[in-house]
1. What residues have an amide H closer than 5 Å to that of T23, excluding those fewer than 5 places away on the same chain, when H is modeled at 1.01 Å from N in the peptide plane?
2. What order, most packed first, do the peptides 78-88, 44-54, 7-17 have when packing is the mean number of other Cβ atoms within 10 Å of each residue?
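None of the figures in this text is laboratory data; all of them are computed from the coordinates on show. What you see is a predicted model; the values in this text were computed from it and never measured. When we count neighbours, we look across all protein chains shown, and the Cβ atoms used for this are built from the backbone with ideal geometry, even at glycine.
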Amino acid sequence: MRQRWSPERIIAEIQALAGPDGTVRTTREHDLLRKAAEYHFGSWAAACRAAGVRNDLPYKASPAVTRQRLRWLRARPHLRQRLRLFAMALERGLIRRGGDNPFRGWESAAS
């Protein structure tokens, strides 16, 4: 069954996720909440402001996860150029972070 999200419920859920320091971050587990917040408030940041919590702490992977990712990349040298281009596009604002890229696939990019 489909969940119904109201602005009040979104605010309550965000406040429940906030840590003791008043900050909240989303994970894949909270994807439905994030999408509902973006729909009702325009962005996750706006929903956090409405809930009175901060979301300004960036995600930092643990050293073990970072090492695992670097091992994976080093084993695939053919992906280096693609990764460089992707990073450059992010830095220049051609692609937005957080999965809100307007091009959902090659079909939408080609049209």
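1. Answer set, sorted by chain and number: R54.
2. 44-54, 7-17, 78-88
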